[in-house]
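Every number in this text was worked out from the coordinates using simple rules, so none of it is lab data. Being a predicted model, the structure only gives us computed values, none of them experimental.
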Amino acid sequence: IPVFLTACVTNNQIGEHSRDLFQKYETKYEWVTLLEDDVIAFGKPSKAIPNEPTDSIVVAGNKYSYLINKGGADFIQLISQLNPEYIRINRELDFYSPQLNSNKFNGTLKFSYAPPNGILSPKEQTLFKKYGIAPCDCSKSEQLDHLFSLDIAGTIYPKVENATDLKALSHPYKVRIRYYDHSGGNVKLSAREKLAKLPLLPLTMSIDIIEFPFKTLGIIYQP
């Protein structure tokens, strides 16, 4: 005797199952790139900027300006007392956004200082200690005895007004700002797609910069 099984399904249940086809619960723990930019110059503001230290350093990009208000001045003071021939700045400037829509960033400035014998003199050791420079806490692929890092923080501003007047860098430098996404929930788009649509919020004030003097340019415009 054939047996027929029947079941009742409510409209409510059908609706729930349909929605499940188009969304899912996701938990994200990943670094997401919010912004990538090419550096066109390094310098200092040509005039005081409200609420910013007068010794701030500006990394001028094609899209935005990255004003370093913590750590940048120490770095310039340090390298002005070292032999510029031994310094190489990491051309990949990786910074991090503390919040999704923040115009603030932080990170480390990596650079190498490699005297011919590979040993810092007592004077150099004193200078590094004075400015809080430490051996770089880097990945194994980057780990070198002469690689150092300095903690920095800053604010994103619009592109400098005098960008066309600045001397082109001899080698490309890149800025990347990332955000650590650790959210969870039902989503229709991936976290990366959603974050890509959320703009950073630079301040509306325009700035221009004065490029570093020749001694520092000898490091920035390195062969």
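Below, the figures for the structure above:
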| item | result |
| --- | --- |
| Fraction in percent of alpha-carbon pairs per bin - 5 Å, region 48-109 | 4, 14, 22, 27, 19, 10, 4, 1 |
| Among the listed pairs Lys130/Lys174; Lys63/Lys129; Lys44/Lys130, those beyond 31 Å (Cα-Cα) | Lys63/Lys129 |
| Isotropic mean projected area of the C-alpha convex hull, region 89-133 (nm²) | 4.4 |
